[in-house]
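Values quoted throughout were computed directly from the atomic coordinates according to the rules given, and no laboratory measurement underlies them. A quick note: this is a predicted structure, and the numbers were derived from the prediction, not measured. Don't worry about glycine lacking a Cβ; one is built from the backbone with ideal geometry, like all the others, and counts go over all protein chains shown.
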Amino acid sequence: MMKSKLLNSLILAALVVPCVAMAEETSPFSGNVSLTSDYLYRGVSQSGYKGAIQGGFDYAAPNGLYAGAWGSSISWIGAPASNGMELDTYAGYAGSVTEDVGYNVGFLRYNYPGEYDALGATPANTNEIYGSVSWKMLSAKYSRSTTNLFGLAESKGSNYFELNATYTLEGPAVDLAAHFGKQTLVGDTIDPATTLAPKDYTYTDYNVKVSKGFSGYTFALMLSKLKGSKSGVYSDKAESMLGVLSVSHSM
């Protein structure tokens, strides 16, 4: 109940903060809320193949500094049902070299309130640093954990590399996106429950997405595939194609 109230408060803040600043011509505050049929992150379902409610708010200064918070309901497979929330906090700096070339560096903290013991005795809370570069419709991003990754013991220094492409069909105003990512885990400590070491959890994920805006709301369909010899430890549908529908609203 407490986590549900916290998530509701986060979403309420996303709605209220921009309204407070409406008097300004250009507000540095923005918010977002969304409903999704499945919360997929790096190809792995965080909501047990069920729907999720999500929301957050951001502050972006004119000099490129930014900070924000984002939350989602979750339901990790095999984890206690009472632990149903993820709350992320982040900060960084974004800038551009030319009109077509940009960059972004920052810090991200994944917070899981409560006793979340999905993958072992190690707390699931995770810190990551990241950096990305973009050129026109293409971007590349590298993320590296500075703590153990999502509850896997001795996995500090694990990394995720991704390539993304976006394109807008101007006539129908439809946005297209494609993604490739590889999660590489490090460490040789064996988990007695599975006999797997952190490095055995390495996998790749792919997805394509189409989205369209209507009256201030964005509707999207994404198809995602997870692939890896040991990726079944994350998902019992590791080699299946998953489809996700979502609707979001930005303020």
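General observations
- Condition met for Asp58 (closer than 27 Å to Ser139 by Cα, touching a residue at least 24 places away in the same chain (Cβ under 8 Å) and crowded, with 16+ Cβ neighbours inside 10 Å): yes
- Selection within region 162-204 - over 17 Å from Ser246 (Cβ atoms), among the acidic types (Asp, Glu) and in a strand (DSSP E or B): Glu162, Asp191
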